[in-house]
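> The structure is given below, and queries will be raised subsequently.
The values are calculated or read from the model by the stated rules, or taken from the named source; none is laboratory data. Remember, predicted model here, so these are calculated numbers, not experimental data. In this analysis, Cβ positions are derived from the backbone assuming ideal geometry, glycine residues included, and neighbour counts consider all displayed protein chains.
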DNA sequence: ACAGATTTGTTAGCATAGCTAACTAAATTG
DNA sequence: CAATTTAGTTAGCTATGCTAACAAATCTGT
């Protein structure tokens, strides 16, 4: 596996793997997106809310913007929508410039429900695999998570 | 693997697998999205263009809307943008109501370049895995494609 | 043949979500 | 305490999603 030919082959295969992975991710989310519309909360709001609910508690607007890979003005408006909808509360901090964003009880509930719906669709699709395939899939998702951290 | 306890366990694990898969897909695309901004073509336009370029040739607006899981008025405007940018051409068909949407040479080139950029980022991340892990990931993707067809 | 129904796509109008530029307010620094 | 830096908001642009209402072409039944 160290001679030139193997490396060239591996590179080409890696490119193809990357291409298929990218395409699979797009199609996966496109299908799951449908279930999200039931919650009446936009996708960016839902994703930001999930950081507050599942991502380990309250944070500032800037931290949230960074977590969501979005500019501060964009996050400012997303948060404004979440606050308007009663899903997030703005709290004070020692530093008067910062805000402390916290999910409300209703925000938590709505997020968990949406998450359940999405994941149920996917779990249903997964159930069509054999137990063996599902087991392998589970192992391999760990590899995927490693890859994503390297992106 | 057929007694009640195993089934319950498997269900819970499947839910968790689905959850992690969903989260992985979100984060994967969020990172790759950055590279797409270089092309100056919006994400919906890029995705629609990819159907025309990679998805086996020209189609009608309705077919494109269905492929992209979007309503016709939405696709109508996405196509208008692509035509304005010179990436897609509207052709006639026997049925006077339908349009035949074809990617232009420039549209094809722009799409392929963007695809190369995205996939290169991902391939680079994949290259940090061992050969064995990469091989297993390749297998995972086949399972994943099967799952997505079942969604 | 042709009146009505169906199919295909567009237009209008609304909300969300992305960006940059320019601003305000608070904290830090020299 | 004046100047700078940091955190967030506001304003204004584009793109993308939706539904409702429309126009044009085709199909259908008599």
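> Could you check residue A:49 against (1) away from chain B (no Cβ under 12 Å); (2) closer than 24 Å to residue B:28 by Cβ; (3) within 14 Å of DNA strand D (Cβ to nearest atom) and say which number it fails?
(3)
> Here is a follow-up. Can you tell me how many residues within the range B:48-70 are buried (at least 18 other Cβ atoms within 10 Å of the Cβ) and more than 15 Å from DNA strand C (Cβ to nearest atom)?
3
> Only one of A:116, A:106, A:89 is touching a residue at least 12 places away in the same chain (Cβ under 8 Å), away from DNA strand C (no atom under 14 Å from the Cβ) and assigned to a helix (DSSP H, G or I); which? Break it down into steps so the answer makes sense when it comes.
Working: A:116 fails: touching a residue at least 12 places away in the same chain (Cβ under 8 Å); A:89 fails: assigned to a helix (DSSP H, G or I).
Exactly one of A:116, A:106, A:89 is touching a residue at least 12 places away in the same chain (Cβ under 8 Å), away from DNA strand C (no atom under 14 Å from the Cβ) and assigned to a helix (DSSP H, G or I), namely A:106.
> Being more than 14 Å from every other protein chain (Cβ to nearest Cβ) and in contact with a strand residue (DSSP E or B) (Cβ under 6 Å, 6 or more places away or on another chain) narrows it down to one residue among B:87, B:101; which is it? Spell out the reasoning first.
Details: B:87 fails: in contact with a strand residue (DSSP E or B) (Cβ under 6 Å, 6 or more places away or on another chain).
Only one candidate passes the filter, namely B:101.
> Also, I was wondering about something else. For residue B:70, indicate whether it is outside any helix (DSSP H, G or I) and within 14 Å of chain A (Cβ to nearest Cβ).
yes
> Any residue at all in the range A:127-150 that's more than 16 Å from DNA strand D (Cβ to nearest atom), more than 21 Å from residue B:17 (Cβ to Cβ), within 13 Å of another protein chain (Cβ to nearest Cβ) and outside any strand (DSSP E or B)? Explain how you work it out, then say what you get.
First, pick out the residues of the range A:127-150 that are more than 16 Å from DNA strand D (Cβ to nearest atom): A:127-150.
This time we only want the ones that are more than 21 Å from residue B:17 (Cβ to Cβ), so: A:150.
From what's left, within 13 Å of another protein chain (Cβ to nearest Cβ): A:150.
After this cut, where a residue has to be outside any strand (DSSP E or B) as well, the list is A:150.
So far as the range A:127-150 goes, yes, one or more of its residues are more than 16 Å from DNA strand D (Cβ to nearest atom), more than 21 Å from residue B:17 (Cβ to Cβ), within 13 Å of another protein chain (Cβ to nearest Cβ) and outside any strand (DSSP E or B).
> Continuing with the same structure: Looking only at residues that are modelled with pLDDT of 95 or more and out of contact with any helix residue (DSSP H, G or I) (no Cβ under 9 Å at 6 or more places or on another chain) in the range B:78-92, which one is farthest from DNA strand D (Cβ to nearest atom)? Reasoning before the result, please.
Of all residues in the range B:78-92, those modelled with pLDDT of 95 or more come to B:78-91.
In the following step, the residues that additionally are out of contact with any helix residue (DSSP H, G or I) (no Cβ under 9 Å at 6 or more places or on another chain) were identified as B:80, B:83-84, B:91.
Values: B:80: 9, B:83: 12, B:84: 8, B:91: 14 Å.
Only one residue tops the list, namely B:91.
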